[in-house]
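Down below is the structure, laid out as structure tokens.
Since every read-out is calculated from the coordinates, none of them should be taken as a lab result. What you see is a predicted model; the values in this text were computed from it and never measured. All Cβ positions, even for glycine, are placed from backbone atoms using ideal geometry, and neighbour counts span all protein chains on display.
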Amino acid sequence: MDRIRVNGGKPLHGRIAISGAKNAALPLMIASLLTEDMLVLDNVPRLADVNLLQRILGNHGVDVMISGKRPGEAEYTGQTLSISAARIVDTTAPYELVSRMRASFWVIAPLVARMGEARVSMPGGCAIGTRPVDLLIMAIERLGAQIDIEAGYVIARAPNGLRGAEIVFPKVTVSGTHTAVMAASLADGTTVIENAAREPEIADVASCLNKMGARISGAGSSRIVIEGVSKLNGARHSVIPDRIETGTYAIAVAMASGDVLLEHTRPELLQSALDVLREAGVTIQSTNEGIRVARDGGGLRPVEVTTAPFPGFPTDLQAQLMALMTRARGTSRITETIFENRFMHVQELVRLGAHIQLDGDTATIEGVERLKGAPVMATDLRASVSLVIAALAAEGETMVNRVYHLDRGFERLEDKLSACGADIERIRG
């Protein structure tokens, strides 16, 4: 099993190219099931989750052709996927595939919308909480699908097609909004989604669907209106930059100190996170090429942050910010409101010398003078990278174990950091 070794204390200088957003690429790939024509996606990141979703789509009869530059070449703009779901041969998504990636459950929406039926395994548990699919099922039911749950599978049937409806989510749900938008695109009539998620990835998927012939307005706001169409066409679309990767590397620079240009990304995708970093004493500057992040070695100021749906501070940057605050001069507080069990990185940060106390959904972090390297264990995707960030500033060697989590969401992490001066390497085996 791969590990990552970090020798801390090296400032970061240079450029880091930000990859396409995983959280947009996955639903965009799933949206290919809505049309029999070719969907071409550019700027798709090379990630374990993308590879797994290709397998899942292949199970339904989808053909995926991959092209693009290879890692290590001077210019890097992601890979291109040409996806053809001309003939769907199976509307069942089996447990052995869905259980490995929760987002794959979303195939239920385009399958029932286009084929009139879908049989998709319940996704099972998750390391950072239960993350139930009840709101996804509710949205499809509101659109007229008959739902049955049998032997761990959700069976959706709409032999006469879906019908437009009003969908009011009781709480903001990214997965529910993605599902509702995809299903409603082929529904008969008008669908209005209230209390929709506002994440940039929602707007990116809606933009692609509109290129395919959908009629979606309001994506990126809390009210989305979809005029259903009878058929969607092929299109070509470039995945937006990954705001979580952007924020992660910005925090890494803040932790290690230095001056790095994050290329091919946009500040409006993560303004709240950038505001928090400025509050902590980090220099953030928008340029025509991306976002420049710098810290000259001066002390970090403590912050108080509560995670919230977009445009609030992202839960997917909570662990990274906590790592940064272990070196702040004073007391910081981070409250997690999105997922339960998302403080599993705390005990691993403590192994590096952090002082953190938990009280329910709030973590109190007392900044320390120094962190010291130690063996640590990754528990989930974002927790994994928080340990790498802490290791960048720790004295001596840190060995991060179980880094397969990292490969689900970060493309060539060790290559991007080492190119900017970090002493980091992957140990295979």
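Under the rule a/c < 1.5 gives rounded, and otherwise a/b versus b/c splits prolate from oblate, where does the stretch 256-300 land using the Cα gyration tensor?
It is oblate, given that a/c is not under 1.5 and a/b is not larger than b/c.
Shape verdict for the stretch 339-396, please, from the Cα gyration tensor: rounded (a/c under 1.5), prolate (a/b greater than b/c) or oblate.
Taking the square roots of the gyration eigenvalues as a ≥ b ≥ c, the stretch 339-396 is oblate.
By a straight-distance test (C-alpha under 26 Å), which lysines pair with Lys231 as possible cross-link partners, with residues fewer than eight away in the same chain excluded?
Lys211
In nm, to one decimal, how far is the His13 label point from the Glu141 one, both placed 7 Å along Cα→Cβ?
6.0
Using all Cα-Cα distances in the stretch 293-429, what percent lands in each 5 angstrom bin from 0 up to the longest?
2, 10, 20, 24, 21, 16, 7, 1, 0
Note the angle between two axes, namely the Cα long axis of helix 243-256 and the longest principal axis of the Cα atoms of the chain, as a number of degrees from 0 to 90, rounded to the nearest 10.
So the inclination is approximately 0 degrees.
What is the gain in length, in nm to one decimal, between Thr331 and Met344 on full extension, counting 0.36 nm per residue of separation less the C-alpha to C-alpha distance?
Numbers: separation 13, 0.36 × 13 = 4.68 nm, distance 2.00 nm.
Extending this stretch completely gives an extra 2.7 nm.
How far is it, in nm, from the label point at Glu96 to the one at Glu36 when both lie 7 Å from their Cα along the line to the Cβ?
Placing both labels 7 Å beyond Cα along the Cβ direction yields 3.1 nm.
For the chain, just the Cα set please: Rg and Dmax, both in angstrom.
Reported Rg and Dmax, both Å: 21.6, 66.
Write out the trypsin sites (Lys or Arg not before Pro) in the stretch 133-195 meeting two conditions: DSSP loop, and at most 14 other Cβ atoms within 10 Å of their Cβ.
Lys171
Can you tell me the orientation of helix 174-185 relative to the chain, as the angle in degrees between its alpha-carbon axis and the longest Cα principal axis, to the nearest 10?
So the inclination is approximately 30 degrees.
Assuming 0.36 nm per residue, please report the length gained on full extension of the stretch Met122 to Gln271 beyond their Cα-Cα distance.
50.2 nm
Which angle from 0 to 90°, rounded to the nearest 10, does the C-alpha axis of helix 22-31 make with the longest principal axis of the chain?
Helix 22-31 and the main axis of the chain meet at about 10 degrees.
I need the shape label for the stretch 22-237. Rule: rounded when a/c is under 1.5, else prolate if a/b > b/c, else oblate, with a, b, c from the alpha carbon gyration tensor.
Cα axes put the stretch 22-237 in the rounded bin.
Suppose R0 equals 51 Å; then what is the FRET efficiency for Asp423 and Glu166 from their Cβ-Cβ distance, rounded to the nearest 0.05?
Plugging the Cβ-Cβ distance into 1/(1 + (r/R0)^6) gives 0.35.
So how do 173-186, 293-306 stack up, highest first, on mean other-Cβ count within 10 Å? All intermediate terms of the calculation are to be shown ahead of the outcome.
Details: 173-186: 26.9, 293-306: 16.7.
Top of the packing list down: 173-186, 293-306.
Tell me, how many Å apart are the Cα centres for the stretch 263-323 and for the stretch 388-405?
Spelled out, the Cα-based centre of one part sits 21 Å from the other.
Could you tell me the center-to-center distance, by alpha carbons, between the stretch 15-65 and the stretch 172-244 in angstrom?
16
Output the peptides 193-199, 276-282 sorted from most to least packed, where packing is the average of other Cβ atoms within 10 Å over each peptide's residues.
The densest-packed peptide leads the list: 193-199, 276-282.
Counting each DSSP H run of 4 or more residues in the chain as -39500 (n - 2.57), what helix-only mean residue ellipticity at 222 nm follows after dividing by all residues, to the nearest 500 deg cm²/dmol? Don't skip to the end; give the middle numbers.
On the way: 14 runs with 127 residues, N = 429.
So the helix-based figure for the chain works out to -8500 deg cm²/dmol.
Using per-residue counts of other Cβ atoms within 10 Å, averaged over each peptide, order 2-14, 221-233 from highest down.
2-14, 221-233
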